[in-house]
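Structure first, then comments.
The values are calculated or read from the model by the stated rules, or taken from the named source; none is laboratory data. Nothing here was measured: the structure is a model prediction, and the numbers come from that model. Don't worry about glycine lacking a Cβ; one is built from the backbone with ideal geometry, like all the others, and counts go over all protein chains shown. These accessible areas exclude ligands, DNA and RNA; they are computed on the full protein's heavy atoms, side chains included. Shrake-Rupley method; radii C 1.70, N 1.55, O 1.52, S 1.80 Å.
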Amino acid sequence: MMMQEDQAWIQRCRDGDREAFYHLVEPLLDRVYSTAAAILRSAHLAEDAVQNALIEAYQAIMKGKEIRHFAAWFKQMAAMRAIDLARKRSRIDRMSEDLEQVEPVDRQAQPMEVLLIKEEQNSLLAQVMSLDIPHRSVVLLFYYQEMSLEEISIVLGVKVGTVKSRLHRARLKLLKLYQFDENKKVVQHVGCEE
C-alpha cells in the first residue's frame, strides 16, 4: 500500500505537482536530519547533508529513476551524503570542535556527580568520534539513533552481517580506548601521589 502511494506521489511530482515532493519527504525529514547530525556532530553540516539529499532525490525523480521503496532509498541517500561530508570534513579538519553533551544530566544529582557524569559522557563521545567513519556510523545509528541492525543495513547500503561485524569491531575498539583511558588515569593518579 505504502509503495503504491509513494509511486503515485512520485508520478505527481514528475507531472509538475510542487506539493507532491514535499509530501514524499516531509515525514522522513526529522529522522534523516537526526541521523545526519549524529554522524556529523554539527547541525549546520547536517542541514547541508539533508539539503544535498533533497536535491539529489528531486533530480532522481525528475530524471525518471525507478525508486521502489522511497523512504528506505531516501534515508540511505541522506546517510550517505552525511558520511560523504564527514569524510570531507575529516580530511580538512581533524574534529577540533567542542563535544556536545549527548544525554541530559540528572538535575537531582550533587554538583560533583553532575560534573563526573558530564566528563564520562564527553569521554565516551570523544572515544566514539575517534573511530573511523564506518565504525562510528554504526555505533551512532545503533546506540544514539536506536536503529535496528536491519535499518542500519538499509541506511548504509550494506548487508546486516556487515553491520554486525562493524558494530562488534567498534565495541572492541571502544573497550580498548576505555581501558587505555583508565590506565592513563591510574598512572596520572599514582604520579600525583609521589
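Yes or no: Phe180 assigned to a helix (DSSP H, G or I), at pLDDT below 80 and not β-branched (Val, Ile, Thr)? Answer is yes for this residue.
Conditions (1) closer than 17 Å to Met77 by Cβ; (2) outside any loop (DSSP other than H, G, I, E, B); (3) of a type in the set (Ser, Thr, Tyr), marked per residue:
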site: Leu125; (1), (2), (3): no, yes, no
site: Leu131; (1), (2), (3): no, no, no
site: His135; (1), (2), (3): no, yes, no
site: Leu140; (1), (2), (3): no, yes, no
site: Met147; (1), (2), (3): yes, no, no
site: Glu150; (1), (2), (3): no, yes, no
site: Ser153; (1), (2), (3): yes, yes, yes
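Against the conditions (1) touching a Gly at 6+ places or on another chain (Cβ under 8 Å); (2) open to solvent by less than 20 Å² (accessible area, probe 1.4 Å), Met80 satisfies every one except (2). The single condition among (1) modelled with pLDDT of 90 or more; (2) open to solvent by less than 50 Å² (accessible area, probe 1.4 Å) that Ser90 does not meet is (1). All of Arg41, Arg68, Arg12 fail the test of being surrounded by 14 or more Cβ atoms within 10 Å (Cβ to Cβ), basic (Lys, Arg) and within 18 Å of Val155 (Cβ to Cβ), apart from Arg41. Applying the criterion of at least 1 residues that are over 18 Å from the mean Cα position of the chain (by Cα) and under 25 Å from Arg136 (Cβ atoms) to the helices (runs of 4 or more DSSP H) found wholly in region 1-73 leaves 43-62.
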